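This report concerns only the one structure given below.
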Amino acid sequence: MAVRVLVVDDHALIREGLIKILSVEPGIAVVGEAANGREAVEFVRRQPIDVVLLDISMPEMNGIEACREIKRLRPETAVVALTIHDEEEYLFEMIRAGVSGYVLKDMSADKLVETIYGVARGESFIPPRLTAKVFQEFNRLAARSNPDGLTEREVEVLRLVAAGASNREIASKLFISEKTVKNHLSNIFQKIGVTDRTQAALYAIKQRLVEL
């Protein structure tokens, strides 16, 4: 079956152009169009859509809000943001809203068609020039969740220390030797600037690595 696509943009000329491009593709069926996010949500509420091609900056309801609501109504529907914005704030907001693809309006028609087929198969797409921003954000969040450069294993050990586990218990739970536990603790103490387990436990609580 053809991929059912809804085209959403507040500019009629852009909608018409997109529909003409997609209509010549035998594997794609444009089943509707909308001029703003609210119209798009209502359309999706009435009938299932495979892919929503969605502008971000629109009146009444913008693309971020519309994407969030569309994914709530029909989680199986893939949303592709089609926009002029390459600022990371828009990209991250759309990713949080559940977008499957983020494409810029200067991309080629062939690449747009390829993206629609891809997200319909469950794939995701971000332009190569924006990929670095995604990795930078991922690394920033990882650094925040693992403060002071702690590795994932060190965080696990620290959480168990805060829970009152002995070296032997930590070794048993993590399937490592007691010597390895001691090495981890030595590294942890050095990284977070403490000298004993009590201080390490207090650090873990302060950093919200454990729940009281």
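The values are calculated or read from the model by the stated rules, or taken from the named source; none is laboratory data. All figures in this text were calculated on a predicted structure; none of them were measured in a lab. Counting neighbours? That spans all protein chains shown, and the Cβs are built from the backbone with ideal geometry, glycine included. Ligands, DNA and RNA are stripped out before the accessible areas are found, and what is left, the full protein with its side chains, is counted by its heavy atoms. Shrake-Rupley method; radii C 1.70, N 1.55, O 1.52, S 1.80 Å.
Select from region 203-212 the residues that are of a type in the set (A, V, I, L, M, F, W, C) and within 15 Å of V155 (Cβ to Cβ) and write down the one among them that is surrounded by the most Cβ atoms within 10 Å (Cβ to Cβ). Out of the qualifying residues, it is A204.
Looking across region 28-61 at every residue that is part of a loop (DSSP other than H, G, I, E, B), open to solvent by 50 Å² or more (accessible area, probe 1.4 Å) and not hydroxyl-bearing (S, T, Y), the one that is nearest to L13 (Cα to Cα) is identified as P59. Of the residues making up region 165-176, those that are in a loop (DSSP other than H, G, I, E, B) and open to solvent by 60 Å² or more (accessible area, probe 1.4 Å) number 1. Does I84 meet the test of being modelled with pLDDT under 95, touching a Leu at 6+ places or on another chain (Cβ under 9 Å) and open to solvent by 70 Å² or more (accessible area, probe 1.4 Å)? Yes, satisfied.
When V119, V99, V134 are screened for being open to solvent by less than 50 Å² (accessible area, probe 1.4 Å), at pLDDT below 90 and either out of contact with any Gly (no Cβ under 7 Å at 6 or more places or on another chain) or assigned by the TED database to the domain that holds I14 (or both), only V134 passes. Residues in region 186-202 that are within 32 Å of the chain's Cα centre (by Cα), over 11 Å from V157 (Cβ atoms) and among the β-branched types (V, I, T): 1 in all.
Number of residues in region 8-19 that are over 18 Å from Y117 (Cβ atoms) and surrounded by fewer than 19 Cβ atoms within 10 Å (Cβ to Cβ): the value is 7. Reported count of residues in region 71-89, each being without any contact (Cβ under 8 Å) to a residue 40 or more places away in the chain, more than 12 Å from S100 (Cα to Cα) and either touching a Ser or Thr at 6+ places or on another chain (Cβ under 8 Å) or assigned to a loop (DSSP other than H, G, I, E, B) (or both), is 5.
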